[in-house]
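The values are calculated or read from the model by the stated rules, or taken from the named source; none is laboratory data. Being a predicted model, the structure only gives us computed values, none of them experimental. With ideal geometry, Cβ positions are generated from the backbone for all residues, glycine too; neighbour counts draw on all protein chains shown.
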Amino acid sequence: MNADPRGSEILAASIPAPSIEYHALAPILIVFGAAVLGVLVDAFLPRARRYPTQLALTLTALVAALITVVLLSGTRMTAVADAVAVDGVTLFLQGTLLVVGILSVLFVAERGPLPRPRSGPGTWSRAAAVPDYGMDAFTPQASAVPGSGAERSAATAGVTPTEVFPLLLLALGGLLLFPAANDLLTMFVALEVLSLPLYLLCGLARRRRLLSQEAALKYFLLGAFSSAFFLYGVALLYGQAGTVRLTGIAEAIAAESGAPTLALLGIAMLAVGLLFKIGAVPFQAWVPDVYQGAPTPITAFMAAATKIAAIGALLRVLQVGVAEIADDWRPVLAAVAVATMVVGAVLAITQTDMKRMLAYSSIAHTGFLLTALVAANDRGISSTLFYLFVYGMGTLGAFAVVSMVREPDGTEATALSRWAGLGRRDPWLATIFALLLLSFAGIPVTAGFVAKFAVFQAAAAGDAGLLVIVGVLASAVAAFFYIRVIVLMFFTDPPADAPVVVRPPATMASVAVAAAVTLILGIAPQPLLDLAGRAAEFVG
């Protein structure tokens with residue numbers, strides 16, 4: 001039997017074509033467009049011209065997208081059939097992500113030779129030749145078996161892995177869309193778009209190749225599980241509301257006379273996927289392993305940008321989609337926040353590797369951010385935005401500093417014991433790192449102190465005083481391992497074969513900007529606090 005062709009015509013006529021507000025999507029479209037051009041550059045340009053072209057294209061696109069975000073300030077609208085929300089929260093987070101992205105690209109783009117062995121204090125102490133790996137953090141041939149002849153040949157030939165730039169742009173495009181998504185399917189698409197490039201980038205480390213590949217595999221497998229939970233949560237919320245649009249879900253829950261069982265189960269499943277991305281307990285097990293194994297520029301980008309976007313997405317879901325059942329999810333989120341703060345702070349004390357210590361520090365900061373989300377008020381939104389900007393800049397700067405301390409074979413000196421006496425050998429770098437660590441600890445006259453104070457103030461105003469007490473105690477515990485590193489750098493004798501500090505210009509620029517922001521926002525934070533306060537609004 002042939003189907004009636006008029007039925008398909010009637011169905012097509014009943015579904016209106018969505019209008020696409022290109023100006024509202026401009027920052028995202030610019031980044032994705034540059035990513036596509038980057039793929040074409042790698043496909044058609046001669047190898048010698050790829051690196052400068054990719055770097056110029058990437059930085060130009062990110063600067064253009066940032067200018068577009070500034071021009072869109074004050075916009076409150078939805079786009080593409082209400083799938084994307086452009087409001088104060090979206091634009092603040094997109095601006096933060098683009099600033100972090102620009103500094104991350106400078107970090108990723110670092111090239112140049114490492115110093116040759118020589119004698120003298122604070123220099124390479126072994127006379128053996130240093131492999132000519134240079135400052136490039138990425139393997140020249142990702143498809144080659146680690147340690148194989150093909151990999152050594154590619155390194156000897158000076159092959160530059162320029163595919164890193166379009167992958168970074170694709171991830172950043174997904175990150176820009178993630179907190180702007182106004183329906184759950186768009187949010188899931190953004191989640192996958194940002195995740196898949198990161199899985200690849202985690203396995204591209206030039207040194208410690210097996211550790212890098214292990215990190216990529218762990219991140220991929222656990223990320224796939226979390227995505228499955230996220231999709232299951234979408235299905236349950238659709239079953240409750242008959243729509244995946246966040247405002248539609250909120251309206252359905254408000255109209256429900258009894259307990260919205262499906263909505264509660266759905267938000268629980270949805271939260272698994274989002275809490276995994278931000279590294280909250282009990283979904284944090286991947287964080288130290290992946291942060292340690294990934295190339296340090298990618299670790300810095302993930303630790304800063306992914307947390308910013310995922311917290312923004314979680315904030316939108318909680319404040320727009322399920323605000324009507326806040327009394328049901330707030331106690332659970334409060335328990336997660338307490339566990340995250342405690343686990344992150346306590347386990348960081350036991351670490352002997354700098355990257356793993358910063359990974360557990362990142363987990364503890366996730367707990368502080370969740371404290372503001374539990375507040376469920378406007379002050380909680382604005383303090384979260386301010387905290388994310390401060391955290392993103394400080395984290396990027398800290399990992400950039402880690403990449404500048406090198407062993408004689410060119411690998412990063414991540415063992416804590418190797419940082420002894422750094423303040424005597426390079427006071428400038430040690431002082432900047434100490435400033436960033438003090439900001440993480442929440443010491444006054446740093447941006448971290450203002451951020452924590454704002455978060456705790458919001459939690460106290462939202463009747464979450466217990467979280468404030470736990471947060472202060474966790475901050476005190478965290479201060480111990482931060483100060484331990486500072487004491488190690490300034491008040492401990494350096495080892496006989498002390499690592500050397502390299503000063504690559506692009507990485508130094510990222511570190512200098514991060515340190516300047518940390519200090520300026522610690523002394524004069526009010527302009528950014530006011531901006532975050534004005535941005536603390538959602539549009540349905």
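Identify, by number, the condition in (1) under 17 Å from residue 437 (Cα atoms); (2) part of a helix (DSSP H, G or I) that residue 336 doesn't meet.
(1)
Given the criteria at pLDDT 90 or above and of a type outside the set (Val, Ile, Thr), does residue 173 qualify?
Considered against the rule, which asks whether it is at pLDDT 90 or above and of a type outside the set (Val, Ile, Thr), residue 173 comes out as yes.
How about the stretch 88-112: which of its residues are assigned to a loop (DSSP other than H, G, I, E, B) and under 17 Å from residue 61 (Cα atoms)?
109
State all residues of the stretch 335-354 that are surrounded by 19 or more Cβ atoms within 10 Å (Cβ to Cβ) and touching a Ser or Thr at 6+ places or on another chain (Cβ under 6 Å); if no residue qualifies, say none.
337, 340, 348, 354
Conditions: (1) more than 14 Å from residue 108 (Cβ to Cβ); (2) at pLDDT 85 or above. Residue 48 meets all but one. Number of the miss?
Residue 48 satisfies all of (1) more than 14 Å from residue 108 (Cβ to Cβ); (2) at pLDDT 85 or above except (2).
Can you tell me which condition residue 438 does not meet? The list is (1) surrounded by fewer than 24 Cβ atoms within 10 Å (Cβ to Cβ); (2) modelled with pLDDT under 90; (3) hydrophobic (A, V, I, L, M, F, W, C), and all the others hold.
Unmet condition: (2).
Quick check on residue 288: is it outside any helix (DSSP H, G or I) and in contact (Cβ under 8 Å) with a residue 24 or more places away in the chain?
Taking the combined requirement at face value, the residue does not satisfy it.
Name the one entry in 194, 204, 211, 198 that is in contact with a Phe, Trp or Tyr (Cβ under 9 Å, 6 or more places away or on another chain), modelled with pLDDT under 90 and within 22 Å of residue 290 (Cβ to Cβ).
204
Listed here are the residues, each with its yes/no results for (1) out of contact with any Asp or Glu (no Cβ under 6 Å at 6 or more places or on another chain); (2) within 27 Å of residue 326 (Cβ to Cβ); (3) at pLDDT 85 or above.
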residue	(1), (2), (3)
378	yes, yes, no
381	yes, yes, yes
386	yes, yes, yes
390	yes, yes, yes
399	yes, no, yes
412	yes, no, no
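Take the conditions in a helix (DSSP H, G or I), touching a residue at least 60 places away in the same chain (Cβ under 8 Å) and closer than 23 Å to residue 178 by Cα and apply them to residue 250. Does it pass?
Judged against the criteria, residue 250 is a match.
Quick one: in the stretch 499-540, of everything that is of a type in the set (A, V, I, L, M) and not in a helix (DSSP H, G or I), which residue is farthest from residue 389 (Cα to Cα)?
The residue in question is 500.
Any chance the stretch 157-165 includes a residue that's touching a Leu at 6+ places or on another chain (Cβ under 7 Å), within 30 Å of residue 261 (Cα to Cα) and either at pLDDT 85 or above or not in a helix (DSSP H, G or I) (or both)?
Within the stretch 157-165, none of the residues are touching a Leu at 6+ places or on another chain (Cβ under 7 Å), within 30 Å of residue 261 (Cα to Cα) and either at pLDDT 85 or above or not in a helix (DSSP H, G or I) (or both).
Would you say residue 283 is at negative phi, assigned to a helix (DSSP H, G or I), of a type in the set (Phe, Trp, Tyr) and buried (at least 21 other Cβ atoms within 10 Å of the Cβ)?
Against the criterion (at negative phi, assigned to a helix (DSSP H, G or I), of a type in the set (Phe, Trp, Tyr) and buried (at least 21 other Cβ atoms within 10 Å of the Cβ)), residue 283 does not qualify.
Every residue in the stretch 37-73 that is assigned to a loop (DSSP other than H, G, I, E, B) and touching a helix residue (DSSP H, G or I) at 6+ places or on another chain (Cβ under 8 Å), please.
Within the stretch 37-73, 45, 72, 73 qualify.
Sort through 234, 272 and tell me the only one that's in contact (Cβ under 8 Å) with a residue 40 or more places away in the chain, of a type outside the set (D, E, K, R) and out of contact with any Leu (no Cβ under 7 Å at 6 or more places or on another chain).
The conditions single out 272.
Can you pull out the residues in the stretch 489-511 that are at pLDDT 90 or above, of a type in the set (Gly, Ala, Ser) and crowded, with 19+ Cβ neighbours inside 10 Å?
510 - this is the single residue of the stretch 489-511 that is at pLDDT 90 or above, of a type in the set (Gly, Ala, Ser) and crowded, with 19+ Cβ neighbours inside 10 Å.
Please go through the stretch 400-447 and pick out each residue that is farther than 17 Å from residue 299 by Cα, among the β-branched types (Val, Ile, Thr) and in a loop (DSSP other than H, G, I, E, B).
443, 445, 446 - these are the residues of the stretch 400-447 that are farther than 17 Å from residue 299 by Cα, among the β-branched types (Val, Ile, Thr) and in a loop (DSSP other than H, G, I, E, B).
Output the qualifying pairs, or none if there are none: Cβ atoms under 8 angstrom, residues six or more apart or on different chains, first residue in the stretch 517-540 and under 13 Å from residue 435 (Cα atoms), second residue of a type in the set (S, T, N, Q) and not in a loop (DSSP other than H, G, I, E, B).
518/439; 522/439
Here is a list of conditions, (1) in contact (Cβ under 8 Å) with a residue 60 or more places away in the chain; (2) closer than 29 Å to residue 367 by Cβ; (3) of a type outside the set (S, T, N, Q); (4) surrounded by fewer than 17 Cβ atoms within 10 Å (Cβ to Cβ), and residue 514 meets all of them except one; can you say which number that is?
(4)
Which of the following residues is touching a residue at least 24 places away in the same chain (Cβ under 8 Å), farther than 23 Å from residue 419 by Cα and surrounded by fewer than 24 Cβ atoms within 10 Å (Cβ to Cβ): 390, 332?
Sole residue among the options that is touching a residue at least 24 places away in the same chain (Cβ under 8 Å), farther than 23 Å from residue 419 by Cα and surrounded by fewer than 24 Cβ atoms within 10 Å (Cβ to Cβ): 332.
What number of residues within the stretch 204-232 are under 19 Å from the mean Cα position of the chain (by Cα), outside any helix (DSSP H, G or I) and surrounded by fewer than 20 Cβ atoms within 10 Å (Cβ to Cβ)?
Here the count works out to 0.
Among 422, 416, which is the only one that is in contact with a Ser or Thr (Cβ under 7 Å, 6 or more places away or on another chain) and touching a residue at least 24 places away in the same chain (Cβ under 8 Å)?
Answer to the selection: 416.
Kindly evaluate residue 403 against the criterion of being buried (at least 23 other Cβ atoms within 10 Å of the Cβ) and polar (S, T, N, Q).
yes
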